[in-house]
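What follows is a short report on a single structure.
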Amino acid sequence: MRFKNEAVVGAVVLLAVILVLFGSFWLAGRQWGVQHVEIVAAFREVGELREGNPVNYRGVRVGQVTGIRLGPMGDGVFVTMDVNEELDLPPDVGVVVSPVSLFGDWQAQIVSQSAPAVRQLEFTVATVPDVLPGAALPDMSQLTAVAARIADQVEVLTERVELAFTEETAIKLRQAVGDVSEITAQISGFVDQQTVVYDQVSQQVLVATGNITDATASVTRVAQDLEVAIQAGDIQRMMANVSETSENLRILSAELGEATAGVPSLITRADAAMISFSELAEDVRQTLRVLEPQLEEIGPTLAQARQAMATLDETIERFGNDEGTLARLADDPALYEETQAAIVTLRRLMADIQSEPGKYLRNIRLLGR
Amino acid sequence: MSAQRSFAWIGAKSTEGFAAFGRFSSFTAEAGRAVPDLKTWGKLLFPLMKRIGVDSIPIALFLAAFTGIVLALQASYTFTGAIPMYFVGTLVGKTMILELGPVLTGLALSGRVGANIAAELGTMRVSEQIDALETLSYNPHSYLVVPRVVAGLLMFPVIVVFANAIGIVSGWITAINLLEMTSQEFIRGLRLFFEPFDITYSLIKTGSFGFAITLIGCYQGFTTTGGAQGVGTATTRAVVLSSMMILVLDAFWAVTLLQ
Amino acid sequence: MSIELIDIYKSFGPKEVLKGFTLTVPEGDTVSLVGFSGSGKSVALKHVVRLLSPDSGVVRVDDQDVAGLSRHELYELRRQVGFVFQFAALFDSMTIRENLSMGLIKQGTHTEAEIEQRINESLNMVELEGFEDRMPAELSGGQRKRAGLARAIAFRPKYLLYDEPTSGLDPVTTTVIDRLILKMKKELGVTSLVITHDMKSADRVSDRVAMLFEGRIIEEGTPDEIAKSENPIVRGFVDGEPELVEQGRLDQ
Ligand SMILES: Nc1ncnc2c1ncn2[C@@H]1O[C@H](COP(=O)(O)OP(=O)(O)OP(=O)(O)O)[C@@H](O)[C@H]1O
Ligand SMILES: [Mg+2]
């Protein structure tokens with residue numbers, strides 16, 4: 001009887017131990033029967049990379065990250081990886097770590113440093129021998145966080161503007177708007193980079209981006225027209241162009257809707273984004289109409305006003321100019337939110353200018369300084 | 001006057017609470033001192049490991065299987081659109097291993113094991129069997145408490161290993177059959193954030209649950225007074241207290257090990 | 001090698017059970033403790049092996065102060081004391097054989113064959129031969145009581161404490177148990193303290209009889225002396241006359 005108990009308990013415990021060992025081994029994604037070798041690469045920083053993250057080579061999983069530690073003598077971070085022994089590494093081998101999705105899962109990729117996708121990256125070379133050079137792509141979430149911060153700044157500034165639109169706030173506002181443009185550029189550049197590196201854009205989005213390229217051409221045209229109009233100082237032409245702008249944007253929205261018909265969620269997002277753009281353009285048009293009667297009186301400030309508008313347009317252009325950005329914008333809720341926030345803020349400013357043009361006209365020349 | 005009375009009530013209650021805690025502590029210390037007495041409890045261990053551990057596996061598996069199904073379905077329900085479906089695997093795996101496997105099993109077994117121990121030892125107490133053990137110069141702590149607590153400590157993790165495995169497998173099957181996911185997708189999600197420490201954490205936590213449930217059951221059994229009704233009270237109290245203790249320990253481990 | 005309980009006070013909450021209880025069982029003697037139901041006889045008996053500790057007073061067994069014993073020494077002492085519980089207190093998850101073997105195993109000096117032989121012997125003495133493989137739940141109250149007695153004598157202790165070994169038994173079995181108590185005393189020189197209600201039994205087995213009343217011993221003597229006692233409470237108890245007891249209580 002007692003012996004039977006012991007046998008049953010023993011069998012169950014043994015089974016559990018096997019299950020734990022087998023389970024952790026399997027869940028950690030190890031492979032049986034393949035000899036592994038260890039490679040080490042140096043990085044300036046590794047973002048969210050963790051032990052157990054996959055190591056890929058030409059898109060094929062070949063191992064996993066087994067250790068992350070700070071390198072000796074300020075060499076940055078040393079990442080140890082277990083990879084299949086039979087791997088044939090390229091001569092100018094390097095390792096790139098990057099996020100796989102927006103949700104914090106990262107990967108390490110073994111690449112040739114001269115590959116077009118990674119050529120512009122700055123690889124960290126360790127002083128220790130047998131350590132491969134490595135580079136990390138920035139984390140998308142960090143960029144969007146910066147964008148969010150700037151959007152906040154713009155909002156704070158807008159509030160201040162209502163209280164006291166002084167020379168200082170005008171300058172700051174201009175800076176903030178500049179920052180928005182810059183971060184937008186940064187995001188779009190980054191997204192393109194990622195798109196190339198991952199080669200993971202889904203088939204549907206690829207088709208959509210083709211159409212979007214056409215659509216964005218219109219945006220570029222619109223922006224240029226606006227720019228020309230403002231520079232020429234021709235109010236009548238400017239007004240005409242503004243109308244055309246909003247018309248074009250509307251067409252663009254329609255085109256985009258068509259282009260992304262196969263991707264329902266993409267449609268709604270992109271549509272919403274484009275409607276926002278059209279509304280913004282509409283606002284600009286209305287604002288200018290309000291200002292029209294007074295424009296002649298404030299001739300000297302006209303040039304500065306043009307410049308201010310140009311800055312705004314640049315923002316719009318940055319968004320529209322780049323197919324990667326738009327695709328990403330449509331697919332990335334966070335980035336989309338940030339963009340929306342920035343647009344809303346700018347629109348609020350426009351609405352305010354419309355309601356109390358006098359207050360702004362007095363100070364608007366400051367914007368150009 | 002009534003304020004005075006309520007202060008007195010609070011005072012009495014807290015004194016009572018401290019005294020109860022003191023008694024529990026000295027009971028635990030007594031049990032601790034009995035641990036080296038391997039000669040007495042060693043041979044009692046296997047039958048108890050079977051009774052407390054092996055016999056509890058079916059109920060644990062039943063719970064885990066349904067939990068796995070629900071987790072998979074709820075994950076996909078929550079993830080509409082924006083989040084890739086392979087995260088269903090992540091959610092099922094992580095939640096099962098870190099939280100629901102240990103805690104649900106713990107709660108179920110506080111009823112099955114905790115109540116059983118409290119009722120058994122409570123009956124032994126009121127029918128003077130524990131006194132009889134003493135007169136035969138057995139230390140009832142070595143003879144009754146230690147083997148039960150050790151069996152709980154050892155077998156609860158074993159039970160939860162199976163529960164976790166079944167939970168994940170049932171989530172997996174659900175994902176394939178009801179969510180139109182592929183095995184590859186599910187496994188990808190499962191492996192995404194997996195760390196071997198997850199399993200260690202799960203096992204440590206469950207071990208502590210086993211320890212708490214059996215110890216509280218033994219304590220309630222040992223301090224039973226007053227016949228069949230007393231045994232009933234002790235049993236209820238054992239289940240309530242060990243369920244509470246499971247949740248407290250759950251939070252404790254999360255604070256100490258997951259930060 | 002005697003049992004001494006000296007000036008024991010014991011209360012449960014507000015209820016004072018023992019109030020200056022003093023009783024000595026000389027080596028090799030059998031003393032019967034009689035008294036009314038609920039007077040504290042079982043409580044007094046449990047003090048001997050420290051199942052209960054006195055609020056004040058001294059318990060000496062084997063010339064050792066029981067309160068001062070370390071855990072190890074206490075278990076050493078208990079190994080020499082057999083305790084027969086009023087309600088048997090058999091381990092109900094074990095067979096009768098396993099119940100009886102518990103004390104023997106603990107002594108650690110017996111082979112399996114010896115243990116088996118001792119179990120048979122002990123069951124024979126209480127007329128329960130053939131009950132080895134029964135569970136306690138399958139026994140009648142009287143059978144259980146005798147099994148409890150067998151468990152206490154199985155390991156041949158130097159001291160035996162009987163809590164009502166014969167209550168609830170038929171007259172013939174009662175005589176058998178009484179003879180058993182005498183036999184233990186004669187053959188093994190056991191020192192015994194017997195709680196009983198049955199004056200005839202007390203008369204048969206004991207060298208001395210003590211009567212517990214309201215927390216203390218009110219009368220002690222040979223069975224004959226007790227039978228002839230002038231104390232109205234003792235008279236009332238022996239003859240079963242409540243009126244006498246009531247009168248005695250008022251006289252006090
Ligand atoms: N653990 C306890 N807690 C509270 N009161 C107790 C406890 N044990 C005994 N008592 C009380 O002490 C008194 C004496 O009990 P005890 O069992 O010694 O009586 P007794 O003389 O053995 O009676 P009986 O002949 O009926 O067995 C009783 O009134 C009982 O209520
Ligand atoms: Mg009694």
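Since every read-out is calculated from the coordinates, none of them should be taken as a lab result. All values reported here derive from a predicted model rather than from experimental measurement. Neighbour counts run over all protein chains shown; Cβ positions are idealised from the backbone, glycine included.
Structure values in brief
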{"item": "Residue with peak Gaussian network fluctuation, chain B [Cα springs, cutoff 10 Å], from B:Ile213, B:Ile52, B:Ile69", "result": "B:Ile69"}
{"item": "Contact order relative to length of the stretch B:46-252, as percent, for alpha carbon pairs under 8 angstrom and 6 or more apart", "result": "38"}
{"item": "Note, ³J(HN,Hα) from phi for the stretch B:127-140, Karplus 6.51, -1.76, 1.60, rounded to Hz, x at Gly and Pro", "result": "9, 6, 5, 5, 4, 4, 4, 4, 5, 8, 6, 8, 7, x"}
{"item": "Contact order normalised by residue count of the stretch C:1-99, Cα under 8 Å, 6+ apart, percent", "result": "28"}
{"item": "Estimated 222 nm signal from helices in chain B, with DSSP H stretches of n ≥ 4 weighted -39500 (n - 2.57), rounded to 500", "result": "-27000 deg cm²/dmol"}
{"item": "For the stretch C:1-92: rounded, prolate or oblate by the Cα gyration tensor [a/c cutoff 1.5]", "result": "rounded"}
{"item": "Peptide A:14-27 - average C-beta neighbours from other chains (10 Å radius)", "result": "5"}
{"item": "Neighbour-count ranking [beta-carbon atoms within 10 angstrom, fewest first] of A:Arg61, C:Arg50", "result": "A:Arg61, C:Arg50"}
{"item": "Ascending count of other beta-carbon atoms within 10 Å, so fewest first, for B:Trp9, A:Trp106", "result": "B:Trp9, A:Trp106"}
{"item": "Cross-link pairs C:Lys10/C:Lys186; C:Lys106/C:Lys145; C:Lys19/C:Lys228 - those with Cα-Cα distance over 32 Å", "result": "C:Lys10/C:Lys186"}
{"item": "Residues whose placed amide H lies under 5 Å from that of A:Ala136, excluding near-sequence neighbours", "result": "A:Arg44, A:Glu45, A:Val97"}
{"item": "Length-normalised contact order for the stretch A:31-137 - Cα pairs under 8 Å, 6+ apart - percent", "result": "34"}
{"item": "Average beta-carbon neighbours from other chains, 10 Å sphere, peptide B:117-130", "result": "3"}
{"item": "Average partner coverage of C:143-155, which counts Cβ from other chains inside 10 Å", "result": "1"}
{"item": "Those lysines that a straight Cα-Cα span of less than 16 Å connects to C:Lys15, excepting residues fewer than 8 apart in one chain", "result": "C:Lys41"}
{"item": "Rounded if a/c under 1.5, otherwise prolate or oblate - the stretch B:46-252, Cα gyration tensor axes", "result": "prolate"}
{"item": "Quotient of Cα Rg and 2.2 N^0.38 Å for chain C, N being how many residues it contains", "result": "1.01"}
{"item": "Test item: Cα-centred dipole of chain C, Lys/Arg +1 and Asp/Glu -1 on Cβ, debye", "result": "520"}
{"item": "Formal net charge of residues neighbouring A:Val37 (Cβ-Cβ distance under 11 Å; K, R +1; D, E -1)", "result": "-4"}
{"item": "Prolate/oblate/rounded call for the stretch A:31-137, Cα gyration tensor, a/c under 1.5 rounded", "result": "rounded"}
{"item": "Proxy reagent accessibility, fewest Cβ within 10 Å first, across A:Val93, C:Val81", "result": "A:Val93, C:Val81"}
{"item": "Partners for C:Lys183 among lysines (Cα-Cα distance below 18 Å; same-chain residues under 8 apart left out)", "result": "C:Lys158, C:Lys200"}
{"item": "Helix-derived mean residue ellipticity, 222 nm - over chain C, DSSP H n ≥ 4, -39500 (n - 2.57), to 500", "result": "-12500 deg cm²/dmol"}
{"item": "Reachable lysines from B:Lys94, criterion Cα separation under 22 angstrom, eight or more residues apart if same chain", "result": "B:Lys205"}
{"item": "Size of charge dipole - chain B - debye, nearest 20, with Cβ of Lys, Arg +1 and Asp, Glu -1, no other charges", "result": "220"}
{"item": "Packing-based ranking, highest mean first, of B:11-23, C:202-214, A:121-133, B:142-154 given that Cβ atoms within 10 Å are counted", "result": "B:142-154, C:202-214, A:121-133, B:11-23"}
{"item": "Kirkwood-based Rg to Rh ratio, the stretch B:23-155, C-alpha trace", "result": "1.17"}
{"item": "Residue of B:Leu247, B:Leu107, B:Leu63 that the Gaussian network model of chain B assigns the largest fluctuation, springs spanning Cα pairs under 10 Å", "result": "B:Leu247"}
